[in-house]
Amino acid sequence: MDPTTYLAAWLVLALAGVAGISWLLARHHRRHDLRRVQARRLLAALQRYSGWVSAQRLAAVYQGEGAEAAAALDEACTIRLAAFPELAGEMAELLAVHNRLLHFLGTQQQLWLRDPEHWLESEHDKRFMALWRQHRFALEALLARLEQAASVRIQTTAPRRESTYA
């Protein structure tokens, strides 16, 4: 084999190797960027949902889950399923707290309508705050795992506020 042909073959092989490595690095970078975008979308959906949970304490009358809360939670579940399957346990815990919260608010509303005096004695605010703390704990666990999974720093925009009544 002619030395020029030999060197040309090595050069073509080296260029193909560099192109392959470049393609792999670009693919990894695109995936990483997509996960960051999905993490930000998931965070925004969780913040909207968490705002609804916080607003329930101040609501005079419970009127059901509400379209925005349901949409935010649905969006969070969809994003988690598509982009972050490793967050299944944390999302399941958040949904379990959500179900307990909906059950509590529904039963409190029924009690308020049937027997307002008994409702006042039921320590509804104290029980709601316990559920709210469970919600915050589940949400913080989910956000911590999301931060690890997406390699993105998560900053919550709303400060944590505990009730002075509980």
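If you take the residues in segment 89-103 that are charged (D, E, K, R) and either over 20 Å from GLN134 (Cα atoms) or under 15 Å from the mean Cα position of the chain (by Cα) (or both), which one is surrounded by the fewest Cβ atoms within 10 Å (Cβ to Cβ)? Result: GLU93. Among the residues in segment 23-33, are any part of a helix (DSSP H, G or I), over 24 Å from GLN148 (Cβ atoms) and aromatic (Phe, Trp, Tyr)? There is at least one residue in segment 23-33 that is part of a helix (DSSP H, G or I), over 24 Å from GLN148 (Cβ atoms) and aromatic (Phe, Trp, Tyr). From the list GLY66, GLY106, GLY51, the one residue that fits, being at pLDDT below 95, surrounded by 10 or more Cβ atoms within 10 Å (Cβ to Cβ) and under 19 Å from PHE137 (Cβ atoms), is GLY51.
Of all residues in segment 18-48, how many are among the hydrophobic types (A, V, I, L, M, F, W, C) and either at positive phi or surrounded by 16 or more Cβ atoms within 10 Å (Cβ to Cβ) (or both)?
5
If I ask for residues that are touching a residue at least 60 places away in the same chain (Cβ under 8 Å) and either of a type in the set (Val, Ile, Thr) or over 18 Å from GLN134 (Cα atoms) (or both), which ones from segment 44-88 would you list? The answer is VAL53, PHE84, GLU86. One residue stands out in segment 3-44 among those that are at pLDDT 85 or above and polar (S, T, N, Q): the one that is farthest from the chain's Cα centre (by Cα), namely THR4. Restricting GLU140, GLU117, GLU75 to those that are among the charged types (D, E, K, R) and at pLDDT below 90 reduces the list to GLU117.
The values are calculated or read from the model by the stated rules, or taken from the named source; none is laboratory data. As the structure is a prediction and not an experimental result, all values here were calculated from the model. Heads up, the Cβs are rebuilt from the backbone with ideal geometry, glycines too, and the neighbour counts pull from every protein chain shown.
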